[in-house]
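Data first, discussion second: the structure below is written as structure tokens.
The values are calculated or read from the model by the stated rules, or taken from the named source; none is laboratory data. Since the model is a prediction, treat every value here as computed from it, not as a measurement. Glycine gets a Cβ as well: all are built from the backbone with ideal geometry, and neighbour counts include every protein chain shown. What goes into the accessible areas is simple: the full protein's heavy atoms, side chains included, and nothing from ligands, DNA or RNA. Shrake-Rupley method; radii C 1.70, N 1.55, O 1.52, S 1.80 Å.
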Amino acid sequence: MISQLSIQRIIEESRVEEVIGEHVSLKKRGANYIGLCPFHHEKTPSFIVSPSKNIFKCFGCGKAGNAVTFLMEHAQMNYVEALKYLAKKYNIEIEETTQQTSDEEQEKQKLAESILVANSFAQKFFTDYLLHTEKGKIGLSYFLERGYDKKIIEKFQLGFAPADGDTFARHALSNAFNKDILSKAGLISSNESHVRDFFRNRVIFPIHHTNGKILGFAGRVLAKNDSSPKYINTPENEVYIKSKILYGAYFARQAIRKMDECLLVEGYTDVISLHQAGIENVMASGGTSLTTEQIRLIKRLTNNITILYDGDQAGIKAALRGTDMILEEGLNVRVVMLPDGEDPDSFAQKFGAERTLQYIQDNKQDIISFKTNLFAKETANDPIKRSELIREILNSIARIPDPMQRAIYCKECSQHFQINEQIIVTEVNKLRRNLASKDTPHVAPLETNEQKKIQSIHGSQLETTTNTIAVLEEHLMRIFLEYGDWKIYLSENEYTTVTEFLFEELEGIEIETPDFLKLFQLIKQNCSDGKILPVSHYLSLPDEEIQKCILQIVSEKYAVSENWWNKYKIVVPEKKHFFIKDIESTVVRIKQYHNLKQLKIIENKIKALSETTNSGTDYEEEITKLLKQKMLLIEQRKEFASILGNVIYNPAVI
């Protein structure tokens, strides 16, 4: 097992914005970065990445963590894999201990990991068979005839599956792979008597996750007279879910972020040919209808999609199917129809990158222009068909979530068809109401389970903020974590740390909020042992409860913009500039809370005694004692109020 020291170093030296930036399009906002959350669907960014704290937090769904937890959640890595990935990325040497990972943790990822390992083994087998065997030359000749060079074949890890029925199966089993795992990975089919390869006599296209791991395969037949399907794909399993995958995503993600545009094509060969021509910001739907999950995958990288499809009837239909879904997800969509008889593969092979890009730039059409030009001839002299075309265009506009973008499209539509703009707007609003009232594949119900979950999180957060002591204790824990090792000077040569100061000032006061108690006790124990440790240490502990607590405490939705100084030369004080005042205020408020609580207890005791029929010396002494305690508490309360500027707490909150 990786040592705790190595784990802490990995977490401290990993740059969360770099790790997440490889998967999510992030934009600078003040000291932080913001983007669309990869863990739930959202149209307005609420996913915050804080480089200074080295953490991320989604204020929509509540997901939070550091670079390690992000890779575990998003890239389907387990804890050890994520740590090793980061160690390799940042050249950190790993120290290992003899302690083993728990059986529960191993079991959790076992099946998915086994499938991924089997897929990796299969890819190496298929590629090696393609490049280094005599029979593999059949597949190699197919790729070479398409104009692919060896470099692009190796980049996309292309391969060939033997024509024999069980060559791969025998090879995998002889290398100690489990038959059940191979079957679940969709690499073989088996029964009690024999096993059979799933892919036979087909060129192989591995399908990668955005982290580079192979999720599955597509196999294409070579013989034109073969009656079997042209393409077959890995059956869906724990790691391969076709509707959530875009071919080429791993190779395109950096270029898409750089160009701020995704070229969307249909086939595997389209992606490869464009890459070979030097156009890398391209992904493919894999020959199936575009899905909402695929669109959201693109949205994490860019808001701009250009659909690049064949100029034949099938390509036109495919483009029409996808545009409305893309619009509904709030993305900017353009369509480029290639000349009749061409597809992105053949076009890129013939004309190369420069002319292909120029053609795309010159022939991009927005949705109104695309649909209008598409049906211009057949609607020119037919008012009924023209009306149907306009309604079809308005139906697309109605799906756009951004009101400003809808307004611009409505204006363009009004000018193009010479129809009063108010009529267009009214009709679009009517269509939007109809869409919202139907549970269609393109419009989510008004309250989905995901929305209910988010509302539940927001509700629990709101409930927390109404609890006075929970707010105060959360702020106290934030001070421990952010300023714990900072120095407070008691005199010119004498100082104490913030942590030591707080424990001395709050001696005898217990944490009441269960969420913070465990962390408080851990910090206190470390302080007693003479150790004041940074946030990264506590985040490196394999304790989900502690990690969740810390992330709740240190996550901040807003950050001060650098423009206050860069543009306006206004200095906005940071917390560090008044941290002493912050500490003093928090300590006094906590003491004031407990003072008020104790005062209430004393008053209740006095009231209970006064309602009894008891009398005598003991009774008088008890009453006198309680009254003295009450007076001391009242004096303390006045002192606290004075320090805080006469802030008076309402006893009703206790």
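Structure summary
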read-out	value
Helix axis angle, 4-13 relative to the chain longest principal axis, alpha carbon, degrees	70 degrees
Orientation-averaged projected area, Cα convex hull of the stretch 272-431 (nm²)	9.8 nm²
Sequence-distant aspartates and glutamates (8 or more away, or on other chains) whose Cα lies within less than 20 Å of residue 155	22, 128, 145, 266, 270, 280, 345
Greater than 18 Å apart at Cα, pairs in 63/244; 548/591; 53/591; 28/57	63/244; 548/591; 53/591
Residue 531-residue 94 FRET efficiency (beta carbon distance; Förster radius 25 Å; 0.05 resolution)	0.60
Residue-normalised accessible area of the stretch 506-556, given per residue in Å² at a 1.4 Å probe	51 Å²
Residues whose placed amide H lies under 5 Å from that of residue 217, excluding near-sequence neighbours	207, 234
Simple spin-label estimate for residue 597 and residue 487 in nanometres, 7 Å along Cα-Cβ	3.5 nm
Solvent exposure ordering (accessible area, 1.4 Å, most first) of 432, 300, 196	196, 432, 300
Largest-first principal axis extents of the Cα set of the stretch 49-100 (Å)	40, 23, 18
Most to least accessible of 72, 259, 337 (protein chains only, probe 1.4 Å)	259, 72, 337
With DNA, RNA and ligands ignored, accessible area of residue 63 (1.4 Å probe; Å², nearest 10)	70 Å²
Whole-Hz couplings from phi, Karplus 6.51/-1.76/1.60, listed for the stretch 156-163; x for Gly and Pro	8, 6, 5, x, 9, 9, x, 6
Per the chain, cysteines lacking a partner by the 4.7 Å Cβ criterion	61, 262, 410, 413, 527, 549
Karplus (6.51, -1.76, 1.60) ³J(HN,Hα), θ = phi - 60°, over the stretch 229-234, in Hz, Gly and Pro reported as x	x, 4, 10, 10, 10, 3
Spatially proximal aspartates and glutamates relative to residue 518 (Cα-Cα < 14 Å; intrachain offsets below 8 disregarded)	473, 474, 510, 543, 544, 545
Over the chain, relative contact order from alpha-carbon pairs under 8 Å, at least 6 apart, %	10 percent
Space enclosed by the convex hull of the alpha-carbon atoms of the stretch 202-264, per residue, Å³	105 Å³
Segment residue 134-residue 500, length gained on full extension (0.36 nm per residue, minus Cα span)	124.4 nm
Calculated from backbone phi, Karplus (6.51, -1.76, 1.60) coupling profile of the stretch 344-361 in Hz, x at Gly/Pro	x, 4, 5, 5, 5, 5, 6, 10, x, 5, 4, 5, 5, 5, 5, 4, 4, 5
Mean separation of Cα contacts under 8 Å, 6 or more apart, over the residue count of the stretch 8-95: relative contact order %	25 percent
57, 430, reordered so the largest accessible area comes first (probe 1.4 Å)	430, 57
Projected label distance in nm at residue 381 and residue 612, using a 7 Å step from Cα toward the beta-carbon	10.8 nm
Heavy atoms of residue 200 accessible to a 1.4 Å probe, total area in Å² rounded to 10	80 Å²
Sum of -39500 (n - 2.57) over DSSP H runs of 4+, divided by residues of the chain (222 nm, nearest 500)	-17000 deg cm²/dmol
Relative contact order for the stretch 148-284, counting Cα pairs under 8 Å that sit 6 or more residues apart, in percent	20 percent
Tensor-based shape of the chain (alpha-carbon gyration tensor, a/c under 1.5 rounded, otherwise prolate or oblate)	prolate
